Amino acid sequence: MTNESNERKEMTAEEKGRLRVVALKNLNSKGLTDLAASYFVNQSGAYGEAGDSAVEQFKYLPAVNYGAKSYDFESGDEVDMITNSLLGSRQDGKRYTGTLSEFKVMKDCATMVQRSLGMIKIKDILELTGSDIDVKENYKDKYFSDLFEGSNEDKKIANQIIGDYMKYFATIKVSEALGESANNSKGNLEKILTE
């Protein structure tokens, strides 16, 4: 057993609750989730050029402009993922020596989203989708970390739930971006035809 899993098992209910609050802030942070979605959509290749292009124009570029705020799990303080990625790319901690790619920023945001998912309660997944359906009684107060530390069947269920949520998450972001693209085209038509 690793030290990390030993630490998780010894985590108090109060600490789990504190981390859950931070994780939910991360999962509701627009810039962070938009950059993470850009990564997931690009890596999946499942949404074609139109989906990828719309996500770039209406999710990725605006998030780069307004920032990708996340919350530090240790302190709970707000941090900017782009700044953290930039400073984290420095060589031996020396100022201005880093090299940072768009891909690295997107991947860091995706990693933060995935890490945050591992720290919430199972019922929170439904709330993140906007669903108000109650979860099964045996999952009501369980955290994903409880399932990941459980039996192989529990781990399989946790992975399936998170996998399905990630598909939902990426598809919703693509759908929003395509909707914004359509509205943009409509606005252009109205501007051309009414001036």
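The values are calculated or read from the model by the stated rules, or taken from the named source; none is laboratory data. All values derive from a computational prediction rather than experimental measurement. Reconstructed Cβ throughout: ideal geometry from the backbone, glycine too, with neighbour counts over all protein chains shown.
If I filter region 159-180 for residues that are closer than 23 Å to THR12 by Cβ and of a type outside the set (S, T, N, Q), do I get at least one hit? Break it down into steps so the answer makes sense when it comes.
Our first condition is that a residue be closer than 23 Å to THR12 by Cβ; within region 159-180, this holds for none.
The answer is no; no qualifying residue exists.
Taking region 77-132 only, how many residues are touching an Asp or Glu at 6+ places or on another chain (Cβ under 6 Å) and either surrounded by fewer than 17 Cβ atoms within 10 Å (Cβ to Cβ) or at pLDDT 95 or above (or both)?
Counting residues in region 77-132 that are touching an Asp or Glu at 6+ places or on another chain (Cβ under 6 Å) and either surrounded by fewer than 17 Cβ atoms within 10 Å (Cβ to Cβ) or at pLDDT 95 or above (or both) gives 1.
Restricting the search to region 168-195, which residues are of a type in the set (Lys, Arg) and surrounded by fewer than 13 Cβ atoms within 10 Å (Cβ to Cβ)? Full working, then the answer.
So the first thing to find is which residues in region 168-195 are of a type in the set (Lys, Arg), and the list is 173, 186, 191.
Those that are of a type in the set (Lys, Arg) and surrounded by fewer than 13 Cβ atoms within 10 Å (Cβ to Cβ): LYS186, LYS191.
I need the full set of residues from region 86-140 which are farther than 15 Å from ASN26 by Cβ, assigned to a helix (DSSP H, G or I) and more than 14 Å from the chain's Cα centre (by Cα), in order please.
Across region 86-140, the qualifying residues are LEU86, LEU87, GLY88, GLU102, PHE103, LYS104, ILE122, LYS123, LEU126, GLU137, ASN138, TYR139.
Which numbered condition in (1) at pLDDT below 90; (2) touching a helix residue (DSSP H, G or I) at 6+ places or on another chain (Cβ under 9 Å); (3) among the hydroxyl-bearing types (Ser, Thr, Tyr) is the only one that SER185 fails?
(2)
Given region 13-74, what helices (runs of 4 or more DSSP H) lie entirely inside it while holding 2 or more residues that are in contact (Cβ under 8 Å) with a residue 12 or more places away in the chain and within 18 Å of TYR168 (Cα to Cα)?
Values: elements: 13-27, 30-44, 48-55, 61-66.
By residue number, 13-27, 30-44, 48-55.
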